[in-house]
Amino acid sequence: MTIASLLAALWADYTAITPQASRIHALLSARGERLDNDHVALRTYDAPGLGVEALARPFEALGWRAEGEYRFDDKHLRARYWRHPDAALPKIFISELERAALPPQAQALIDGLVAQVPSGFAARPDLPWAGRPWRLPHTTYRALLEHSEYAAWVAAFGLRVNHFTVDVGALRTFDSLEALCAFLVDAGFALNESGGRIKGTPADRLEQASTLAEPVPVRFDDGEHPVPSCYYEFARRYPLPSGELFHGFIPASANRIFESTDVAR
Ligand code: NI
């Protein structure tokens, strides 16, 4: 697999269940923008063969290198990101749910999904976007939702891209993240307003915003039900005192961005 084919596979996986991303990409392209990606994010469980390090393998094989690690204790998540020596390539942000932090009944539901993973699945070269290797009753999805939005999302979609992120600093027709957000709202897209529309400040060296994931039909054992799929994120990075752009993440901001796939209740 080449870097180009890997990134094309990730984008195809993402847009297949995220029609709003294709629409936004087309809208910005029509303004003459060429979109660069700041990062691509993936979600998983901390199960053997399916965890963060397993999903990172195809990226490491193509030159991405592990960098900072983060914890989101209130959501029971651990995350790490990878950077490529070619600065034009997106960072890869992979998070996993720490099953042991959930109540026993939720752990048992997830363990029941993981037990269905076929042998050899974890060795697939396309593991990060290999999809859902388990059957899922809608009752299990709804029960997980009571304990963890993240657990329920991974149960419904399996291993897939969670979001792509536009590098706002590389845009030529928007001078701020605020201007881009206003454009998107005018165009009819709903943004994540949790903790404010823009997460982070220039002093944090990173400003982020995102759309809200739209529900798509997902196949369950008892038929199709709508589930919020993926969102599109927008990130503007600022230079450190050294002059180099900040490449890390701000946990308080990321914590809010995770909520872009929450089920409206
Ligand atoms: Ni992100």
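Each value in this text was obtained by applying a stated rule to the coordinates, not by laboratory testing. What you see is a predicted model; the values in this text were computed from it and never measured. Heads up, the Cβs are rebuilt from the backbone with ideal geometry, glycines too, and the neighbour counts pull from every protein chain shown.
At a glance:
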{"quantity": "On Cα atoms only, tilt of 3-16 relative to the major axis of the chain in degrees", "calculated": "70 degrees"}
{"quantity": "For Ser5, net neighbour charge (Lys/Arg +1, Asp/Glu -1) across residues whose Cβ lies under 14 Å away", "calculated": "-2"}
{"quantity": "Hull-based mean projected area of segment 140-265, where the convex hull spans the alpha carbons, in square nanometres", "calculated": "9.0 nm²"}
{"quantity": "Centroid-to-centroid separation of segment 56-83 and segment 195-265 [C-alpha atoms, Å]", "calculated": "16 Å"}
{"quantity": "Three-way shape call for segment 1-77 based on the alpha-carbon gyration tensor, with the a/c threshold at 1.5", "calculated": "prolate"}
{"quantity": "Mean separation of Cα contacts under 8 Å (6+ apart) over length of segment 1-133, as relative contact order %", "calculated": "23 percent"}
{"quantity": "Calculated on alpha-carbon atoms, Rg and Dmax of segment 62-192 in Å", "calculated": "18.1, 51"}
{"quantity": "DSSP-defined beta bridges in the chain - what % are antiparallel, rounded to 5", "calculated": "70 percent"}
{"quantity": "Degrees separating the helix 177-186 axis from the principal Cα axis of the chain, which is the longest one", "calculated": "70 degrees"}
{"quantity": "Segment 174-248: proportion of alpha-carbon pairs further apart than 15 angstrom, %", "calculated": "63 percent"}
{"quantity": "Whole-percent pair-distance distribution, where bins are 5 Å wide, for the alpha carbons of the chain", "calculated": "1, 6, 13, 18, 20, 18, 13, 7, 3, 1, 0, 0"}
{"quantity": "Mean Cβ count within 10 Å, highest first, over the residues of peptides 158-165, 219-226, 139-146", "calculated": "158-165, 139-146, 219-226"}
{"quantity": "Computed helical MRE - 222 nm, the chain, DSSP H runs ≥ 4 contributing -39500 (n - 2.57), nearest 500", "calculated": "-9000 deg cm²/dmol"}
{"quantity": "Distribution of pairwise C-alpha distances over segment 119-210, 5 Å bins, in %", "calculated": "2, 11, 14, 16, 13, 13, 14, 10, 5, 1, 0"}
{"quantity": "Share, in percent, of DSSP beta bridges within segment 30-147 that are antiparallel, nearest 5", "calculated": "65 percent"}
{"quantity": "For segment 47-111, size of Cβ-based charge dipole, Lys and Arg +1, Asp and Glu -1, in debye", "calculated": "120 debye"}
{"quantity": "Gyration tensor (alpha-carbon) shape descriptor, segment 37-129, a/c threshold 1.5", "calculated": "oblate"}
{"quantity": "Helix 138-147 vs. the chain, principal-axis angle (Cα, 0 to 90°, nearest 10)", "calculated": "60 degrees"}
{"quantity": "Percentage, to the nearest whole number, of Cα pairs in segment 1-43 over 11 Å apart", "calculated": "71 percent"}
